[in-house]
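Beneath this line is the structure, given in structure tokens, with notes to follow.
The values are calculated or read from the model by the stated rules, or taken from the named source; none is laboratory data. Bear in mind the structure is a predicted one, so any value in this text is a computation, not a measurement. Please note: Cβ atoms are built from the backbone with ideal geometry, for glycine as well, and neighbour counts cover all protein chains shown. Note: accessible area is taken over every heavy atom of the protein model, side chains too, but ligands, DNA and RNA are not part of it. Shrake-Rupley method; radii C 1.70, N 1.55, O 1.52, S 1.80 Å.
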Amino acid sequence: MTDRKLLMIPGPIEFEPAVLEALARPTLSHVDPAFIASFGNALKMMREVWLCPNGQPFVVAGSGTLAMDMAGANLIEPGDKVLVLVTGYFGHRYAELLKRYGAEVTVLEAPLGDTVPLDEVERELAYGNFKLMTFTHVDTSTGVFVDPRPLAELAQRHGVLSILDGVCSIAGEEMRQEAWGIDVAVTASQKAIGVPPGLALMMVSPKAMDVWKQRKTPVGNYFCDWGLWLQVMQAYEEGRPSYFATPPINLIVGLEVSLKLMLSEGMENRSARHIAMADSFREAMRTLGLSFIPVREEVMAHTLSAPYYPEGVTGAQLLPAVSKNGVVIAGGLLPSIKDTYFRVGHMGMVNVEHIARTTIAITEALKP
Ligand SMILES: *Cc1c(COP(=O)(O)O)cnc(C)c1O
């Protein structure tokens, strides 16, 4: 494995050896007592990671998009009004997804590299008769960070449910779901959660569970129906076997290991480390003369950076050169500006050595 390159994209990321080792263990039955204990532990630890002691966790096989889909499928009934805040590619995805369930979607799109002004959000919430609002904690296409606190507070004040797309933030950026009043916070295993791709994860507030229970129409997506999964999650937490659809056993065993490591680091230490790594990487990029898509320090994510290519350099030149130096980084994602910037993920187990290797690989690649 010595020639393996360092994976510094915004997911999948570098994974802890202990997590990979857990994945390689022989697969247990989904009703094996050892697996039931692992799954139950993972669900309990999720409440500590999401900081949501009264939340209902769900873990199913899938990716972040499925987690977004599951939240939408269960909370939307045809004709429901939704406000979607867009700070990049994944906000547009949420708008499209919710329309499939019959939502009437209003989109508020931020200027490139910035967030939607709070007074605009408040104006919409005051008159729009919305059931739900979604926002992206960190949009992976732009590196823009949104502060969830004032948004969740506005949503609560107007009696609107909030969904946080935390796929590129949860377990990296600080996120206190219950204290901040966020109703659903979704993510995927391969980002800051630190487990290879394949798990859709979410935490649902008691209020959002009540709204789901009061639905007048059945959930329009069979696999995603919380009603079919709730008894499974409850059973595993209580140490009983249960079945709706086969869980991804090995990934869940890996999840238990990753969450344990995370909690032993401590969530505050973990988000502080992400800030330190992001700061030192960006400092290095600024030294190279690079600037970033996010227009201000306060709207810059700590889980990834999105720098513009320097004058006269293209992705077709830079990315393979960085890769030749042993580090894999990502190109642009937002269609309108795709060829003008690149993206570097620094989340999960990221450490000073990763940042140093990445900085050197980019610096060398940019030398004439
Ligand atoms: C990666 C990502 C997604 C999509 O997740 P997949 O696992 O690729 O389906 C959604 N939202 C954000 C913010 C992401 O970073």
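Between the stretch 1-63 and the stretch 114-183, the alpha-carbon centres lie 26 Å apart.
Distance from the C-alpha centroid of the stretch 230-247 to that of the stretch 286-349: 42 Å, rounded to the whole angstrom.
Remark: the Y222-S291 segment gains 20.3 nm on full extension, using 0.36 nm per residue and subtracting the alpha carbon distance. Over the chain, DSSP H runs of length four or greater, each weighted -39,500 (n - 2.57), average out per residue to a 222 nm ellipticity of -13000 deg cm²/dmol.
Label point of N54 set 7 angstrom out along Cα-Cβ; within the stretch 211-250, amide nitrogens under 14 Å from it belong to 211.
Among the protein heavy atoms, those of E364 account for about 90 Å² of accessible surface (1.4 Å probe, every chain in place). For K191, the lysines whose Cα comes closer than 23 Å to its Cα, not counting residues fewer than 8 places off in the same chain, are K5, K44, K260, K338. Panel values: the stretch 17-264, Kirkwood radius from alpha carbon pairs, Stokes-Einstein at 20 °C and 1.002 mPa s, translational diffusion coefficient 118 µm²/s.
Among the lysines, which fall within straight-line cross-link reach of K81, defined as a Cα-Cα distance under 26 Å, with same-chain neighbours fewer than 8 residues apart omitted? K81 reaches K99, K131, K207, K213, K216.
If the chain between R123 and E238 were fully stretched, how many nm would it gain, using 0.36 nm times the residue separation less the Cα-Cα distance?
Details: separation 115, 0.36 × 115 = 41.40 nm, distance 4.46 nm.
Computed gain between R123 and E238 is 36.9 nm.
Tell me, in nm to one decimal, what length is gained between L112 and A34 on full extension, where the rule is 0.36 nm per residue of separation less the Cα-Cα distance? Let's see the in-between values first.
On the way: separation 78, 0.36 × 78 = 28.08 nm, distance 4.86 nm.
Stretched out fully, the L112 to A34 stretch lengthens by 23.2 nm.
When the stretch 213-368 is described by a simple charge dipole with +1 on each Lys and Arg Cβ and -1 on each Asp and Glu Cβ, the residue from Q214, S264, M300 located farthest towards its positive end is Q214. With R₀ fixed at 41 Å, the C-beta to C-beta distance from T27 to D3 puts the FRET efficiency at about 0.90.
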